[in-house]
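*Asks:* Here's a structure for you.
The values are calculated or read from the model by the stated rules, or taken from the named source; none is laboratory data. Predicted, not measured: the structure shown is a model, and the values here were computed from it. No Cβ is skipped: glycine too gets one built from the backbone with ideal geometry, and neighbour counts run over all protein chains shown.
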Amino acid sequence: MTSSGLNKFDANLLKIALTLARRGIGLTGPNPSVGCVIAYGKTIIGRGCTSINGRPHAEMVAIEQATRHYLYQTSVKKEKITVYTTLEPCAHDDTSPSCAKEIIKFGADRVVFLLKDPDERTHGKGVSILESAGIDCVNAKVYKEEMLDTVSGYLKRKKENKPFVSLKIASSINGKIGTKKGESKWISGDLSRKKVQLIRSNHDAILVGSKTVLSDNPRLNLRDEYQNIPQKFIFILDANLSIPYSKELKIIKFNEKEKIHVFTKKNCDKEKIKQIRKLGLNLIQVGKKKGKLDISEILLKIGNLRINKLLVEGGSSIWTSFIKENFFDEIIIFWGNNILNGTAMPTFNDFLPVNTRIKGFPRLKLRYIKNWGNDIEAVWQPITKET
């Protein structure tokens, strides 16, 4: 296997494969979203991205398309066939033969990929299978940041058995998320709320606290042009089961009941537990840490459900818990064009001692910023040794 020998054509086709991979972010779980392009000489004969719910894989979609191309069907093979894929082709046989074996059967001469698959069933093994069949494999060292963005959730879950966590916040210019009485509709504008639908579609699950459910009665479903996408998993943190669960609750009314999970403390009211399960919801009891539900345990249980990316939509106490424990990978914040009273609801509560100096508070790296009408969206990530 080599990591060099790329030309401009190779780089361009890898970029196309990345574009294909981005289409499936949030739709292919528990599998990663992968893009694949197949070239016969300098002609593209097949393209594919991982299908909804993860099957078939991108390579299989591209191979199926390529086998119908007239250049592939000619009796004499005049040009070399190269498979460009964002992730190392899988090596394990599951419900169908591995992609590595299918690439060999297809007759490829060369495979160029961006990242080795961290799955122990494939890591390095896909390459070994291909090279054993005489296929030249190239691990391209380009588009690293773009590639990591497409599989961030998958990589995090494989490494830590926890999902990639995005905190999604809508606040006023002065950092308030609602009036003192709890009114929050609408701090952000129409364009921002439409962008939130795209953000939800790019995640596998949404998490909220009981206060958000009680004050806003949110639907948390995909709407508008995203309404035909499979609805997301919903996680509700409700330590004391304070929410009056019924069929009229919008979260239950507009989402698939089997995808709704309620996290609560151990030894809760048995009648309330019975009512929740009668509605067809899932209930998970976890321990407490410093008087609150243990976020680390919750994330591990969400990881066990094979959730790659988790969108945390509030409210203040939930975001603060994630910040305090450093259990977040990015913050997506929308600033509306309004200013609320100083006594209005803050975005975060205190999470460090009151005498903490400025240098003791976390600093973040700005990854993205854009205006939506009069609103501003910014994406921040923790500063790590890698960044």
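*Asks:* If you go through region 142-160 one residue at a time, do you hit one that is more than 23 Å from the chain's Cα centre (by Cα) and either charged (D, E, K, R) or assigned to a loop (DSSP other than H, G, I, E, B) (or both)? Outline the logic, then answer.
*Replies:* If we filter region 142-160 for residues that are more than 23 Å from the chain's Cα centre (by Cα), which is where we start, we get none.
No, that holds for no residue.
*Asks:* Could you please let me know if residue 17 is within 17 Å of residue 139 (Cβ to Cβ), in the same structural domain as residue 133 (by TED's automatic domain parsing), of a type in the set (Gly, Ala, Ser) and part of a helix (DSSP H, G or I)? Before the answer, list the steps.
*Replies:* Numbers: within 17 Å of residue 139 (Cβ to Cβ): yes; in the same structural domain as residue 133 (by TED's automatic domain parsing): yes; of a type in the set (Gly, Ala, Ser): yes; part of a helix (DSSP H, G or I): yes.
Taking the combined requirement at face value, the residue satisfies it.
*Asks:* Further question: Suppose we filter 102, 59, 64 for residues that are surrounded by 14 or more Cβ atoms within 10 Å (Cβ to Cβ) and without any contact (Cβ under 8 Å) to a residue 24 or more places away in the chain; which single one remains?
*Replies:* So the residue among 102, 59, 64 that is surrounded by 14 or more Cβ atoms within 10 Å (Cβ to Cβ) and without any contact (Cβ under 8 Å) to a residue 24 or more places away in the chain is 64.
*Asks:* Also, quick follow-up: Any idea how many residues of region 273-299 are under 25 Å from the mean Cα position of the chain (by Cα) and assigned to a loop (DSSP other than H, G, I, E, B)? Don't jump to the end; show me each part of the working.
*Replies:* From region 273-299, those under 25 Å from the mean Cα position of the chain (by Cα) are 281-286, 293-299; that's our starting set.
Still in the running and assigned to a loop (DSSP other than H, G, I, E, B): 281, 294.
Total satisfying the criteria: 2.
Residue by residue, here is whether (1) of a type outside the set (Asp, Glu); (2) over 23 Å from residue 32 (Cα atoms); (3) out of contact with any strand residue (DSSP E or B) (no Cβ under 9 Å at 6 or more places or on another chain) holds:
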site	(1), (2), (3)
188	yes, yes, no
199	yes, no, no
206	yes, no, no
214	yes, yes, yes
222	yes, no, yes
231	yes, no, yes
236	yes, yes, no
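*Asks:* In the list 94, 117, which residue meets the criterion of being outside any helix (DSSP H, G or I) and out of contact with any strand residue (DSSP E or B) (no Cβ under 8 Å at 6 or more places or on another chain)? Don't jump to the end; show me each part of the working.
*Replies:* On the way: 117 fails: out of contact with any strand residue (DSSP E or B) (no Cβ under 8 Å at 6 or more places or on another chain).
Every option except 94 fails the conditions.
*Asks:* Something else now. From the list 220, 214, which one is within 21 Å of residue 299 (Cβ to Cβ), in the same structural domain as residue 197 (by TED's automatic domain parsing) and at pLDDT below 95?
*Replies:* On the way: 214 fails: within 21 Å of residue 299 (Cβ to Cβ).
Matching residue, one of 220, 214: 220.
*Asks:* Take region 372-387 and flag every residue that is surrounded by fewer than 13 Cβ atoms within 10 Å (Cβ to Cβ) and either in a strand (DSSP E or B) or in contact (Cβ under 8 Å) with a residue 24 or more places away in the chain (or both).
*Replies:* Filtering region 372-387 down to residues surrounded by fewer than 13 Cβ atoms within 10 Å (Cβ to Cβ) leaves 373, 383-387.
Correct list: 373 only.
Condition check ((1) surrounded by 16 or more Cβ atoms within 10 Å (Cβ to Cβ); (2) not in a loop (DSSP other than H, G, I, E, B)) across all residues:
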residue: 183; (1), (2): no, no
residue: 187; (1), (2): yes, no
residue: 199; (1), (2): yes, yes
residue: 222; (1), (2): yes, no
residue: 230; (1), (2): no, no
residue: 258; (1), (2): no, yes
residue: 264; (1), (2): yes, yes
residue: 267; (1), (2): no, no
residue: 271; (1), (2): no, yes
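*Asks:* Would you confirm whether or not region 356-366 contains a residue that is at pLDDT 95 or above, buried (at least 16 other Cβ atoms within 10 Å of the Cβ) and either aliphatic (A, V, I, L, M) or under 22 Å from the mean Cα position of the chain (by Cα) (or both)?
*Replies:* No: zero hits.
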